[in-house]
Amino acid sequence: MATSKKSARKWSKPGMEPTLNGTGFMFSVLDEFATDFIKFAGEGPDEVLDLGCAFGIASLGALEAGGRVTACDLDQGHLDILTGKTPEAQRARLHTVQGKLPYVDLPEASYGAILCSRVLHFLDGSAIDASVRKMFSWLKPGGRLYLVADTPYGIWRKMIPIFETKKASGERWPGLMIGLENYLPYAPTDRSIDGPPFMNLLDPDLLSRTCTEAGFTIERAAFIDRSDFTGLGRLDGRENVGVLAFKPQ
Ligand SMILES: C[S@@+](CC[C@H](N)C(=O)[O-])C[C@H]1O[C@@H](n2cnc3c(N)ncnc32)[C@H](O)[C@@H]1O
């Protein structure tokens, strides 16, 4: 999943920073779930965890707000850039961990909040379930989990009829797309970034189910309007899904 600098530049758009490993973009405009995570990080005494942090858009916000942050990503290059961007005075409050969901191990009952934004759709179903179970174990009792993921209703909208048919027939992971060339949002000739081998698109029902099965109580599960994504054609306000869930006390 290597991305050449040339192709990354080609796909660079305002507010969208291409990852180094072909796992999409980091967005500079925060959604309501990331904003709430940052606010929580600044208000409480508890350390927070940003999973799949990329270059740290949410981690940097949480540090700026006064929080203590563990930032985790599978790509050490992303973490190095985050560390370089962190003001010297805030570095003692940042801890970085290179690791891959669902295999990474972090200390149990340690965090007041976890954000995992736009990562889970790169995992297969059992890895999503296993990752969320681990997040449950890493949170302190009463801790909050913020999940954000891609849906079929954004750039992958060619998937909508298949997703809805599979979901209606009871398939557990109706958004699993293998053979991404069939679902490319752009004409293949325009596409020069190597992408992930599959995507597993989610919606509020699917993410809520995973959280509930892991032991969480759902506070909010909703589509997120990301029609601010530029240059992606017609969008309908359901581009991402977000969940806020609590670990019981
Ligand atoms: C689309 S970016 C999301 C960045 C940021 N969280 C945001 O919402 O803008 C996906 C990030 O997740 C990381 N990632 C992908 N799969 C992962 C996995 N299995 N475990 C940990 N990090 C992963 C990638 O390296 C990349 O930095």
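What to note about this one:
- Every listed requirement among (1) over 16 Å from the mean Cα position of the chain (by Cα); (2) within 16 Å of the ligand (Cβ to nearest atom) is met by C72 save one, (1).
- Filtering the range 75-93 to residues that are touching a residue at least 12 places away in the same chain (Cβ under 8 Å), of a type in the set (A, V, I, L, M) and surrounded by fewer than 22 Cβ atoms within 10 Å (Cβ to Cβ) leaves only I81.
- In the range 212-236, the residues that are modelled with pLDDT under 95, within 18 Å of the chain's Cα centre (by Cα) and surrounded by fewer than 16 Cβ atoms within 10 Å (Cβ to Cβ): D225, S227, D228
- Residue that is surrounded by the most Cβ atoms within 10 Å (Cβ to Cβ) [pool: residues in the range 30-68 that are away from the ligand (no atom under 15 Å from the Cβ) and in a loop (DSSP other than H, G, I, E, B)]: G67
- Criterion: more than 27 Å from F37 (Cβ to Cβ), modelled with pLDDT of 95 or more and not in a loop (DSSP other than H, G, I, E, B) - qualifying residue of T165, T189: T165
- For Y103: the one exception among (1) free of Cβ contacts under 8 Å to residues at least 60 places away in the same chain; (2) within 12 Å of the ligand (Cβ to nearest atom); (3) under 30 Å from P174 (Cα atoms); (4) surrounded by 15 or more Cβ atoms within 10 Å (Cβ to Cβ): (4)
- Extreme residue, modelled with the lowest pLDDT, among residues of the range 1-29 that are near the ligand (Cβ under 8 Å from one of its atoms) and not in a strand (DSSP E or B): G24
- Against the conditions (1) touching an Asp or Glu at 6+ places or on another chain (Cβ under 7 Å); (2) within 13 Å of the ligand (Cβ to nearest atom); (3) not aliphatic (A, V, I, L, M), G112 satisfies every one except (2).
The values are calculated or read from the model by the stated rules, or taken from the named source; none is laboratory data. Just so you know, these numbers come straight off a predicted model, no measurement behind them. So basically every Cβ, Gly included, is an ideal-geometry build from the backbone, and we count neighbours across all protein chains shown.
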